[in-house]
């Protein structure tokens, strides 16, 4: 199986140097464009979208915990327009395979939002998931989102985030998944 490992930034991909990878940029617009462009030119068999994320303190998640996205909710589209797609789900078979490889990972919805604390209904927030899952779905490529917690969303001061712990946790989980797929 040819798996594309995709993340927003190169630091989230340093562990995957022996694998096909793509840094798509920060935020849903850049991620959506880069993902769709890549898939139009060279679609893989599956996408493992990895990265760091924030968690709400009330979630009981801790720095370094790994989360597998059961869906991605685009929280920045809060307008009451019923025709807008604001939720994407991962490929069920790929989700089940990743969950089996990471039995200690939490399986939760992950919000995509450009504002820290911008989601109303998710315990986990990141910046790109919805765009990547949506582009993959449109291209017919199975995709799943895998995140590691690096901060609490209530902590706006990025100097207090533990990026090294989040990056290490996503690298460790990513290695397990890629070797198992």
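The distance linking segment 136-180 with segment 15-62 is 9 Å (Cα centroid to Cα centroid, whole angstrom). Using 0.36 nm per residue and subtracting the Cα-Cα separation, the extra length available between residue 160 and residue 29 on full extension is 44.5 nm.
Descending by average beta-carbon neighbour count within 10 Å, the peptides 121-130, 137-146, 36-45 line up as 121-130, 137-146, 36-45, the highest first. Bridge orientation summary for segment 3-180: considering DSSP beta bridges with both residues in this region, about 20 percent are antiparallel.
Classify segment 102-176: rounded, prolate or oblate, from the alpha-carbon gyration tensor (a ≥ b ≥ c, eigenvalue square roots; a/c under 1.5 rounded; otherwise prolate if a/b is larger than b/c)? It comes out oblate by the Cα gyration axes. Estimated from the Cβ-Cβ distance and a Förster radius of 35 angstrom, the FRET efficiency linking residue 1 and residue 120 is about 0.45. The alpha-carbon atoms of segment 3-180, seen along their principal axes, cover 40, 39, 27 angstrom, with the largest extent given first.
The alpha carbons of segment 1-60 occupy a box of 42, 26, 19 Å along the principal axes, longest dimension given first. In the chain, the calculated helix contribution to ellipticity at 222 nm averages -9500 deg cm²/dmol per residue, counting -39,500 (n - 2.57) for every DSSP H run with n ≥ 4. Stretched out straight at 0.36 nm per residue, the stretch from residue 137 to residue 41 would grow longer than its current Cα-Cα span by 33.0 nm.
Only the coordinates and a few stated rules stand behind these numbers; no lab work does. Worth saying up front: this structure is predicted, and the values here are computed from it rather than measured. Cβ coordinates were reconstructed from backbone atoms using ideal geometry, including for glycine residues, and neighbour counts include every protein chain displayed.
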